[in-house]
Amino acid sequence: MAKRKEIFTDCTLCYHSCGTQVTVEDGRAVKIKGLGSHPLNKGRLCPKGANALDVIYSPNRLKQPLKRNNGGFAEISWEQALDEIAAKLIRLKDDFGPQVFGLFCGSIGVENLEMSTLVHLLRSGFGSPNFFSVESICYRMRIRTRQLTFGRYPTEEPDSNLYILWGHNPDQSDFPLKFFMKKNLKKGAKLVVIDPKRIPLADRADMYLRIRPGTDGALALALMQVIIAEDLFDRDFVDKYTTGFEKLVDHVQPYSPEWAQEVTWIAAEDIRALARLFANTKGASIFQGTCTQDQTANGTQNSRAFAVLQTITGNINIPGGWVTSPPPRFGHPGYSVEGMPLGGDQYPLFYELWGRKAPYGVVTLIPESIPEKLKAFMVIGGNPLISMPDSHAFKAAFEKLDLLVVHDLFMTDTARVAHYVLPACSHLEKWGIGYTYNVCHCLPYLMLRKQCIEPLHESWSEWRFLTELAGRLGLSESFPWQTEKDFVSFMIAPSGFSFDYLLNEKPQGDYYAEKKYTIPEGLFRTPSGKIEIYSDELEKVGFSPLPSYLEPERGPVRGETSFLIKYPLILSVGNRNLYYTHSQHHEVEALCKLSPDPLAEIGPQTAAKYGIVDGDPVVVETNRGRVKMKARVDERVAEGIVLAPHGWGGEANANRLTDVACREPIMGYPDQKSLQCRIQKAV
Ligand SMILES: Nc1nc2c(c(=O)[nH]1)N[C@H]1C(S)=C(S)[C@@H](COP(=O)(O)OP(=O)(O)OC[C@H]3O[C@@H](n4cnc5c(=O)[nH]c(N)nc54)[C@H](O)[C@@H]3O)O[C@H]1N2
Ligand SMILES: Nc1nc2c(c(=O)[nH]1)N[C@H]1C(S)=C(S)[C@@H](COP(=O)(O)OP(=O)(O)OC[C@H]3O[C@@H](n4cnc5c(=O)[nH]c(N)nc54)[C@H](O)[C@@H]3O)O[C@H]1N2
Ligand code: SF4
Ligand SMILES: [Mo]
């Protein structure tokens, strides 16, 4: 009789970490379904999660270590790969110092806590400060900025009375939030959508504001202006918990709705109406695009403005607002952050706040740093040649490396230019931690990620790979755990749960903390102990201490005339697609059938102007390159803009269009949401 087990674990095919139930028969996972008792997804799975077994058992999985030779790859043993990689790293360290070794984790790595912890251990043991991740392209900016304002990181509650989807489209990117919204909208919650595309959710919204990409900061300033001018702010809250409000009052005077109308394309009356709705709703929340608002010229200041709006409307630590529930506490193996990562001097606020140094380099600086500053690079759970801005610049730089190592499940575009490609375990093949305290879901919930099946082929987990490599580099002391389970137990311990408790008593996971809506003394860990509407820290590094607005560098206002004539359309790259996570899952047939083409979306008038009809093959071009996609002509999309998805490979890789040199000035993020392009029918 077949040996059958039902295992509760999480899905890591995107960062939401939904709960799943996996049926394992004779050592093979045969079925996966949503875990009913998990508070985030409550038994549901998105199409990616539902097809997870096709990812795990894909015939395209990497099967054994590969070494580049004569333009191709040869299969080698793990031992040979590790010996050669270690020897090369030691030589480079002897010749040039440890800092020439850069390490990169993708999105799976940021939220995949044990993966990034292990990578940090290797980095710091080796002596390099140069850890990179999607942290300098994704939502670290919002974390930093909320820390700056509140001294901690409050997040959006999934149950809200007013959802302001500000460049965030849960239908595609936030599967769990969709269901919270559905439930609350039925109960009478209100919905506002601020987006250059009238996304389907906007059809049932109380207000839809069609905004010019990259101008969100201007809208935010005008909202503040109205809320203050019409005396709609929460005076008690402001008096009790904030500093700098008086300066804000003077500061926002010039930013009238009429001014913002010119900048944003949104009617002044709509701006007034939204200000009133927001200020008059308790339990309202800005659901800030998870990277939309960061990857733009005004990124840091956008996030600051949202934090200030939540504050002056009194929507902090009340049900439905932004809430400061405690982040999970995990074991910290005590790795050092010595030496400054790339960009620490150029973008000091990204690197350091109140003496606390962040172990992240700035990814936009990677291409220009190779080969002088970086000579060896390791990519674990990421695909930067597709996911990072300016693929041409990244590829040209990676080709100059003395050593590039990729640890992945698949032969990615990045792996193709590597010297060594190492097969990685999927999440069902290793132990780990799944937690649910992230972007838009303030749910302090923790689950043990269980090893459900033995590693397939010759794939190794990060723990095994990095422990073995560390041994060869003389860094065994940094990796003291005998087994992966020991390591995960160590990581879990400070949460208050033991490994055994989460394995045997609460396999479905458990709340590690209680949410509290109070504001006790000392909650806001800023220097003033208050919410800092006026930020001395921003002032110290030479930027506006109050929320401000900067036009996109390449946009219609600041761009040079000749450039704008050549590239007349606004380009925003990176709208999410429910069926894929970035460059992943394109090998799953069922998903490809549901979403077969990379679609460049344009409005009907724009299409007509360039002689394009729906379904035409088109070329989109910027100053950095060109891509081929299929036109999607849709009246939902504002005229004069092109929305292009990222994550597709080859000729449809939209990061051929983005520019590593076009950066947000405070934290160095790439502008991917407000570039300029042209579009034409492909011949
Ligand atoms: N299926 C799937 N889900 C994912 C991911 C994935 O790859 N696939 N990636 C995950 C990750 S890592 C992240 S960071 C998040 C990203 O999540 P978000 O950044 O929230 O991205 P989207 O939900 O795609 O929403 C972007 C919306 O913003 C609009 N938009 C574009 N430019 C602008 C602008 O300048 N201003 C405004 N107001 N709106 C604009 C777009 O039209 C679109 O409707 O998604 C996560 N979820
Ligand atoms: N133009 C544009 N570009 C963007 C964005 C945008 O909005 N516009 N969004 C950006 C954002 S917010 C993000 S977060 C990044 C994401 O950037 P990345 O994280 O680099 O993108 P992915 O394609 O998800 O790459 C993850 C890789 O990890 C591998 N992998 C999966 N699981 C494991 C595992 O357990 N172990 C190992 N070793 N490997 C594993 C996958 O096979 C895949 O190759 O993309 C960014 N790129
Ligand atoms: S949203 Fe989908 S891919 Fe992401 S964790 Fe949940 S089921 Fe998995
Ligand atoms: Mo992201």
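Would you grab the residues whose amide H sits under 5 Å from the one on TRP460? Only those 5+ places off in sequence or on another chain, please, with H modelled 1.01 Å from N.
Sorted by chain and number, the residues that satisfy this are ALA424, CYS425.
Could you compute how much accessible surface ASP231 exposes when probed at 1.4 Å, giving the result in Å² to the nearest 10?
90
Once Lys and Arg get +1 and Asp and Glu get -1 on their Cβ, which of THR467, VAL30, VAL618 lies farthest toward the positive end of the dipole of the chain?
VAL30
Using a 1.4 Å probe and ignoring any ligands, DNA or RNA, find the accessible area of MET340 and quote it in Å² to the nearest 10.
Counting only protein heavy atoms, MET340 exposes about 100 Å² to solvent.
Need the C-alpha centroid separation for the stretch 198-270 versus the stretch 318-380, integer Å.
31
Starting from the Cα of LYS357, draw a straight line to each of the lysines and keep only those under 19 Å, dropping any in the same chain fewer than 8 residues away.
Hits, sequence-local ones excluded: LYS540.
Please state the relative contact order of the stretch 561-681 as a whole percent: Cα pairs under 8 Å, 6+ residues apart?
So the answer I get is 38 percent.
Give a residue-ordered list of calculated ³J(HN,Hα) values for the stretch 159-175 (Karplus: 6.51 cos²θ - 1.76 cosθ + 1.60, θ = phi - 60°; whole Hz; x for Gly, Pro).
Coupling constants for the stretch 159-175: 8, 9, 8, 9, 8, 9, 7, 9, x, 9, 10, x, 3, 9, 10, 9, 3 Hz.
What number comes out for accessible area per residue over the chain if the probe is 1.4 Å? Units Å², please.
Counting only protein heavy atoms, the per-residue value for the chain is 36 Å².
Give me the dipole magnitude in Debye, nearest 20, for the chain about the Cα centre, with unit charges on the beta carbon: positive for Lys and Arg, negative for Asp and Glu.
1080
May I ask you to derive the relative contact order of the stretch 346-482, considering only C-alpha pairs under 8 Å and at least 6 residues apart, and to give it as an integer percent?
Rounded, it is 15 percent for the stretch 346-482.
If the cut-off is a Cα-Cα distance under 29 Å, which lysines reach LYS88, setting aside same-chain residues fewer than 8 apart in sequence?
Cross-link targets: LYS63, LYS67, LYS373, LYS375, LYS395, LYS400, LYS430.
Of the listed pairs LYS506/LYS593; LYS515/LYS673; LYS42/LYS450, which have alpha-carbon separations greater than 29 Å here?
Result: LYS506/LYS593; LYS515/LYS673 exceed 29 Å.
What does the charge count near LEU121 come to, summing +1 for each Lys or Arg and -1 for each Asp or Glu among other residues with Cβ under 15 Å from its Cβ?
It works out to a net charge of -4.
Could you list, in their original order, any pairs among LYS609/LYS630; LYS190/LYS530; LYS197/LYS630; LYS33/LYS197; LYS48/LYS516; LYS187/LYS282 whose Cα atoms are separated by more than 27 Å?
Result: LYS190/LYS530; LYS33/LYS197; LYS48/LYS516 exceed 27 Å.
State, as an integer percentage, the relative contact order of the chain based on alpha-carbon contacts under 8 Å between residues 6 or more apart.
After rounding, I find 19 percent.
Please report the spacing between the Cα centers of the stretch 568-583 and the stretch 595-666 in Å, no decimals.
Spelled out, the Cα-based centre of one part sits 9 Å from the other.
Ignoring ligands, DNA and RNA, what percent of the 1.4 Å accessible area of the chain is carbon and sulfur?
Within the chain, the accessible surface is 49 percent carbon and sulfur.
What ranking of LEU446, LEU185 comes out by heavy-atom accessible area, probe 1.4 Å, highest first?
Highest to lowest solvent-accessible surface, that is LEU185, LEU446.
How large is ³J(HN,Hα), in whole Hz, for each residue of the stretch 195-203 in order, when computed from phi with the Karplus curve 6.51 cos²θ - 1.76 cosθ + 1.60 and θ = phi - 60°, using x for Gly and Pro?
With the stated coefficients, the stretch 195-203 comes to 6, x, 10, 6, 4, x, 4, 5, 5 Hz.
Where does the chain land at 222 nm, in deg cm²/dmol rounded to the nearest 500, when only DSSP H runs of n ≥ 4 count, each adding -39500 (n - 2.57), divided by all residues?
It comes out at -8000 deg cm²/dmol, rounded to the nearest 500.
The values are calculated or read from the model by the stated rules, or taken from the named source; none is laboratory data. Just so it is clear, the structure is predicted and the values come from calculations on it, not from any experiment. Quick reminder, even Gly has a Cβ in these numbers, built from the backbone with ideal geometry, and neighbours come from all protein chains shown. SASA here: full protein model, heavy atoms, side chains in, ligands and nucleic acids out. Shrake-Rupley method; radii C 1.70, N 1.55, O 1.52, S 1.80 Å.
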